[in-house]
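The values are calculated or read from the model by the stated rules, or taken from the named source; none is laboratory data. All figures in this text were calculated on a predicted structure; none of them were measured in a lab. Counting neighbours? That spans all protein chains shown, and the Cβs are built from the backbone with ideal geometry, glycine included. SASA here: full protein model, heavy atoms, side chains in, ligands and nucleic acids out. Shrake-Rupley method; radii C 1.70, N 1.55, O 1.52, S 1.80 Å.
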Amino acid sequence: NPYAGLVAHLRAAWLSGKTRPMEYRVAQLEALGRFLDEKKQEILEATALDMGKPSFEAYFTEILLCKNELNGTLNNLSHWMKDEHVDKNLVTQLDSAFIRKDPYGVVLIIAPWNYPIHLFLVPLIGAIAAGNCVVIKPSETTKNSERLVAEMLSCYLDNDCFAVVTAGVQETTRLLENKFDYIFFTGTSRSPSVGRIIMRAAAEHLTPVTLELGGKNPCYVSDTCDVPNVARRVAWGRFFNAGQTCIAPDYLLCSLEMQEKLMPALREAIAEFFGPNPRESPDFGRIVGDKQFRRVRALLCSGRVAIGGQTDEKERYIAPTVLADVLPSDPAMQEEIFGPILPIVVVANMDEAIDFINARPRPLAVYAFSCDSKVVNQVLERTSSGGFCGNDTLMHVTLTSLPFGGIGSSGLGRYHGKFTFDTFSHQRGCLHRNMGLEALNALRYPPYTQQKLGLLTATFEIKRKGMCTLL
């Protein structure tokens, strides 16, 4: 296997204990901070070349949010690393019972192309913080970002413990044949099928995985809402990064009356954001590749084009588009869109919207808009998804205090902030007993007697706390 030597080299470094001291982890994390500071311009240029990413969006997602993750981790690492002491029974009162946060070992991070810096760097921060050695596989689709990571990251990190592998599908398949101690995979459109491939490869070595897979994120808009605000927040979330965001609102559910109100408001929001011709706007990106462009363009035949619809294959440009009167059987409703197209599906009421959501695979995010908080809470309580955001889109992902991850076909596992550290840490249950006081242990040794059983029960039993009943 072409990668066996690399993995063996990293495993030897991990077994040496090099990555375990807090000082080492902090030094590597601070080096990542220097990478973000010193290569800021190169990051902005690479993402612009790869997919026309506006510098504002690139700075916000690829640099600022990464620095937040990094600084939050550095601020809290000493606390996260400490042993967590737990409750004890009578027999172990004089002993030490605790959870040790152990690194897994040599872990693999496979990153996607839509946020090519952010989506390898955020898991990498947690993997380093937890004390692992890491193989990073950036996406081959975004060539300029891949080259930047491959050429520059080794100048900042310890090459004995961290390595970047540039690989296409065939090479990645060979890479996955190696035994890793944890695999972290983030996908893009159509990623559940790739997620199954990753899980099958991981199963060969009984390797645990985190899969971030996306899906069709529904957005319910009730009849009682601030229409211009909804239009701006939905348009921003849908057309940010030219719609190539795994948590973007994938389709709207609303009444026919609300569809008619939203249409002019969405048209106004798009003009406000991108001007009369979004193709000329410096704030609107492009589809990442020709294959992805053709796939997204084919979805325009769904329903009727109410706003936008213009395309340019040479530029890989698809205008911010809203489709009205879309049927559940239309192509745009059969797969994650992952582009700047927003279908609107008409439903009679909230109950029908909830039934529509629950009849489909569980998404990465559910959105609900209403001036009535009871409506938002009903959608939250009666649906299931990786995350939820009421009266806005995307913003829940900016909080490192919230776990981010999928459920069902939208993924498994969670990360961001401490949740990333926990993901890459094995929670090792530990009991360190006193060598003396053997009389306390005699209760559990043969020969067994009824008296021993009674005493054992008294010392080990956990009783339910009493409940007070008002008569």
Interchain or sequence-distant (5+) residues whose placed amide H lies within less than 5 Å of the amide H of GLN310 are ALA319
Quick calc, THR459 & GLN170: beta-carbon distance into FRET formula, R0 60 Å, rounding 0.05, result 0.50
1/(1 + (r/R0)^6) with r = Cβ-Cβ of GLN427 and ASN75, R0 = 22 Å, i.e. FRET efficiency to nearest 0.05, evaluates to 0.50
Local electrostatic count at PRO282 - Lys and Arg +1, Asp and Glu -1, tallied over other residues with Cβ under 13 Å: 0
For LYS452, give me every one of the aspartates and glutamates with a C-alpha distance below 17 angstrom, ignoring sequence neighbours fewer than eight places off in its own chain. GLU438, GLU461
On a 0 to 90 degree scale, rounded to 10, what angle separates helix 256-274 from the longest Cα axis of the chain? 90 degrees
Once phi is turned into ³J(HN,Hα) by the Karplus curve 6.51 cos²θ - 1.76 cosθ + 1.60 with θ = phi - 60°, what whole-Hz value does each residue of region 161-173 show in order, with x for glycine and proline? 10, 9, 9, 9, 10, 9, 7, x, 4, 5, 5, 5, 4
Spin-label point model (7 Å from Cα, Cβ direction): what's the ILE197 to ASN1 distance in nm? 1.7 nm
Given backbone amide H placed at 1.01 Å from N, residues whose amide H is under 5 Å from that of ASP392, ignoring those fewer than 5 places away on the same chain, are ALA368
Return, ordered by residue number, the residues of region 131-171 whose backbone nitrogen is under 11 Å from a label point located 7 Å along Cα→Cβ of LEU49. 143-149
So how much slack lies between GLU280 and TYR445, counting 0.36 nm per residue of separation and subtracting their Cα-Cα distance, in nm? 51.3 nm
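Report, in deg cm²/dmol and to the nearest 500, the calculated mean residue ellipticity at 222 nm for the chain, where each DSSP H run with n ≥ 4 adds -39500 (n - 2.57) and the sum is divided by the residue count.
Details: 16 runs with 180 residues, N = 471.
Rounded to the nearest 500, it is -11500 deg cm²/dmol.
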Measure off 7 Å from each Cα along the Cα-to-Cβ vector at ASP83 and TYR24, then give the distance between these two points in nanometres to one decimal. 2.0 nm
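Do any GluC sites (Glu not before Pro) in region 14-87 lie in a loop, going by DSSP, with at most 11 other beta-carbon atoms within 10 Å of their beta carbon, and if so which?
On the way: sites: GLU23, GLU30, GLU38, GLU42, GLU45, GLU57, GLU62, GLU69, GLU84; in loops: none.
Passing both the DSSP loop test and the Cβ count: no residue.
Residue separation times 0.36 nm, minus the C-alpha to C-alpha distance between ALA348 and SER96: what's the value?
Details: separation 252, 0.36 × 252 = 90.72 nm, distance 5.98 nm.
Gain in length upon complete extension: 84.7 nm.
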Environment charge of THR141, counting only residues whose C-beta is closer than 10 Å and scoring Lys/Arg +1, Asp/Glu -1: -1
For region 218-402, with all protein chains present and a 1.4 Å probe, just round the carbon and sulfur fraction of the accessible area to a whole percent. 51 percent
To the nearest 10 degrees, how steeply does helix 4-15 sit against the main Cα axis of the chain, on a 0 to 90 scale? 50 degrees
Using a 1.4 Å probe on the protein heavy atoms, what percent of the accessible area of region 14-112 belongs to carbon and sulfur? 52 percent
Once both label points are put 7 Å beyond Cα along the C-beta direction, the ASP290-SER384 separation in nm becomes 4.3 nm
Return one number: the angle in degrees, 0 to 90 and rounded to the nearest 10, between the long axis of the Cα atoms of helix 65-81 and the longest principal axis of the Cα atoms of the chain. 10 degrees
Would you pull out the residues with amide H under 5 Å of ASN217's amide H, same chain only if 5 or more places away, H placed 1.01 Å from N? ASP250, TYR251
Averaging the inverse of every distinct alpha carbon separation and then flipping it gives the Kirkwood radius. What is it for region 230-385, in angstrom units? 15.9 Å
Restricted to the chain, the DSSP antiparallel beta bridge percent, nearest 5, is 35 percent
Net charge near ARG25, counting Lys/Arg +1 and Asp/Glu -1 over other residues with Cβ under 14 Å of its Cβ? 0
At 1.4 Å probe size, with every protein chain present, just tell me what the per residue accessible area of region 218-402 comes to in Å². 40 Å²
